[in-house]
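Below you'll find the structure, written out as structure tokens, and then a few comments.
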Amino acid sequence: LEWGLKMHDDLIDAVDWAVTEGITTDLFPDEGHGFARPENRLAFFGVTEGFLATCLGGRVEPIGDDFTGSSLTIPVGADVIEGLPEALEGFEAEERG
């Protein structure tokens with residue numbers, strides 16, 4: 001029971017941090033629980049690298065054309081990650097059926 005209460009407190013703290021600091025949600029509508037398409041994997045890594053640099057500090061490579069051919073959408077929090085809004089300018093997700 002004590003372990004469960006600790007987990008609950010940690011979860012509440014994590015949600016509080018996300019709301020206070022801001023969150024970024026990246027979606028790949030043509031993927032499931034993993035990445036089948038290399039283009040989506042590269043886009044995910046680009047966003048993740050920017051996220052880690054924002055949270056932990058340090059250097060980051062520019063996103064460049066990491067999103068090309070991916071189905072990436074970012075419905076929430078693009079402004080949280082440095083350089084992400086600029087990388088998304090002019091990018092259109094490719095829809096796959």
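The values are calculated or read from the model by the stated rules, or taken from the named source; none is laboratory data. Quantities reported herein were computed from a predicted structural model and do not represent experimental measurements. For neighbour counting, all protein chains shown are included, and Cβ atoms are generated from backbone atoms with ideal geometry for every residue, glycine included. For the accessible areas, the whole protein counts, side chains as well, though only heavy atoms, and no ligand, DNA or RNA atoms are used. Shrake-Rupley method; radii C 1.70, N 1.55, O 1.52, S 1.80 Å.
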Scanning the range 47-82 for residues that are among the β-branched types (Val, Ile, Thr) and open to solvent by 60 Å² or more (accessible area, probe 1.4 Å) gives 54, 60, 68, 76
Checked the range 35-60 for anything at pLDDT below 90 and either of a type in the set (Asp, Glu) or over 17 Å from residue 84 (Cβ atoms) (or both); matches are none
(1) outside any strand (DSSP E or B); (2) touching a residue at least 12 places away in the same chain (Cβ under 8 Å) all hold for residue 48 apart from (2)
Condition test on residue 35, is it closer than 19 Å to residue 89 by Cβ and outside any strand (DSSP E or B)?
no
